[in-house]
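A.B. asks: I'd like to ask you about the structure that follows.
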């Protein structure tokens, strides 16, 4: 459903709030964060509920910026550590 390489956050609209899921490299402990879940070996998913537009300010905007930076840095390290794919047939 989502790209594993480029997804750094997504939003789920609910009836009374927006549920924002951020992927960060560290675990954030703050009153805005409702739940934290380990998404992979390097990423932690943070669920945040936004009920009013005034809530979209620091520190949430800082976390969005950090998630964008983490996404780019993890993609670069992943590309540097992957092995080249083999070409040719096996056992032919």
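The values are calculated or read from the model by the stated rules, or taken from the named source; none is laboratory data. Just so it is clear, the structure is predicted and the values come from calculations on it, not from any experiment. All Cβ positions, even for glycine, are placed from backbone atoms using ideal geometry, and neighbour counts span all protein chains on display.
A.B. asks: So which residues in region 31-60 are assigned to a loop (DSSP other than H, G, I, E, B) and either touching a residue at least 40 places away in the same chain (Cβ under 8 Å) or farther than 17 Å from residue 70 by Cβ (or both)?
C.D. replies: Those that are assigned to a loop (DSSP other than H, G, I, E, B) and either touching a residue at least 40 places away in the same chain (Cβ under 8 Å) or farther than 17 Å from residue 70 by Cβ (or both): 31, 32, 51, 52, 56, 57, 58.
A.B. asks: Restricting attention to region 22-40, which residues are more than 14 Å from the chain's Cα centre (by Cα) and over 15 Å from residue 58 (Cα atoms)?
C.D. replies: Within region 22-40, 34 is the sole residue that qualifies.
A.B. asks: Quick check, is residue 53 surrounded by fewer than 10 Cβ atoms within 10 Å (Cβ to Cβ) and either farther than 20 Å from residue 73 by Cβ or in contact with a helix residue (DSSP H, G or I) (Cβ under 9 Å, 6 or more places away or on another chain) (or both)?
C.D. replies: When the stated conditions are applied, residue 53 passes them.
A.B. asks: Among (1) modelled with pLDDT of 95 or more; (2) surrounded by 15 or more Cβ atoms within 10 Å (Cβ to Cβ), where does residue 15 come up short?
C.D. replies: (2)
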